[in-house]
Amino acid sequence: MAALFLGMNANAARMDMVDVSNNNGYMSTAEYVSMRNEFGVKALTVKISEGTTFKDGYAASNIANGQAAGLYVNGYHFAHYKTKAQAIAEADYAGQAAKAAGLPVGAVLATDVEAKEQGILSQATNDRNNAAFMKEIQKFGYRADIYTSGSWANNKMTIKGKTGWVAGYPFVPAGKQWYTNNNAWQWSGSAHFRISYGGFDVSQLYTNYYTAGQKSTVKPTNKDAVKANNQEANKNTSKPSNSAKWVKESKTYALKTAVKLRTGVSTSSSVITILPAGSTVKTNQAIIKGGYRWVRQPRFNGYGYLATGPASNTLEYVKSGAAHTYYTVKSGDSWWTIAQRNGLSMTTLARQNGKTIYTTIYPGQRLVVR
């Protein structure tokens, strides 16, 4: 929900909940830990989908990294429906996307109602459509809510007490509260955190609706969360020297430790995802010089780069004579996360296993990744 942040101090209102989407790019566990420890953030609400054609590509990593940081994790769907039938179809699409991304059972999956399609509808029609979405989304094990602006809450739909996540700007002076009868009040759309880029939607919670009911939220200690997110195969591998040359290397490896897959050949490059121990990496080029080792992984939309350190430290060669390389599904995995780790599209990964991206996968299940 876009709006201007009028230069208020970050502590002017509580930052209980943060809204993230693909617009924020990849968010690490360490960033979410910082939000929690330095600003008191309790909950994260992740964009899952939009209409019936868009699934947020960062939903799975936001959910997993938010949980690893000890945050309650919820989701929202950006609505475009104009009829009851369309609302139900969008709820089904959102529910399936949320399951695939790993949103935990019992989390809130709100409908974000602010598009021009709803702006031309009557209040009664919006109420009917929102009710249909909310009823349908509960079939997936999620709790429902409505996310909208203050003006829309007052004029274009009915937001009853203890229902609704409402955005209202600008900030109200201390001592005066807005929308305290609702679950949450979003008071800024461009907040900044110490180790993250700006532009975050932040909300104050008035009920425990967004921090209750989840059955699988992981809450490790701060020390464990930071350690898991920052684990690098070789802490000194910042960037190969200019004299290091790429060589052809068509090999498949299994990672012994977790390694960050990056967009470029530097540890300051953006992180695409974190490949956990046991992941397979098929390379086509490598740099090996002075103990430093970078490998290049072909991906369905380009290349990914890994600083792996000496081969004896992080990589275990997989013989090319094997017919396939398999990955064993772990708790919290989804089609998206497994595809990202192995340089595939979700569709390709599912198809080579005789499934679709809507097929449920279970821990212990073996999938062909190469």
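Computed from backbone phi, the HN-Hα couplings of the stretch 354-360 come to x, 9, 10, 6, 9, 6, 6 Hz, rounded to whole numbers (Karplus: 6.51 cos²θ - 1.76 cosθ + 1.60, θ = phi - 60°; Gly and Pro given as x).
For a 20 Å ceiling on Cα separation, which of these pairs sit above it: LYS116/LYS156; LYS99/LYS330; LYS84/LYS116; LYS47/LYS355? With Cα atoms farther than 20 Å apart: LYS47/LYS355.
Once all protein chains are placed together, TYR362 keeps about 140 Å² accessible to a 1.4 angstrom probe. Between the amide H of ALA167 and those of THR148, SER149, GLY150, GLN186, distances stay under 5 Å, these residues lying 5 or more places away or on another chain, with hydrogens modeled in the peptide plane. Can you pull the percent of the stretch 59-144's accessible area that's carbon plus sulfur, 1.4 Å probe, other chains left in place? Within the stretch 59-144, the accessible surface is 56 percent carbon and sulfur.
The modelled label-to-label distance between SER268 and PHE54, using points 7 Å beyond Cα along the C-beta direction, is 3.2 nm.
Taking 13 Å as the straight-line reach from the Cα of LYS135, the aspartates and glutamates in range (excluding those fewer than 8 positions away in the same chain) are GLU90, ASP92, ASP127, ASP145. Over the stretch 52-187, the Kirkwood radius and the radius of gyration, each from Cα atoms, give a ratio Rg/Rh of 0.97.
The values are calculated or read from the model by the stated rules, or taken from the named source; none is laboratory data. Predicted model, so just to flag it, every value in this text is computed and none were measured. A quick note on method: Cβ atoms are made from the backbone with ideal geometry, for glycine too, and the neighbour counts reach across all protein chains shown. All accessible areas refer to the heavy atoms of the entire protein, side chains included, with ligands and DNA or RNA removed. Shrake-Rupley method; radii C 1.70, N 1.55, O 1.52, S 1.80 Å.
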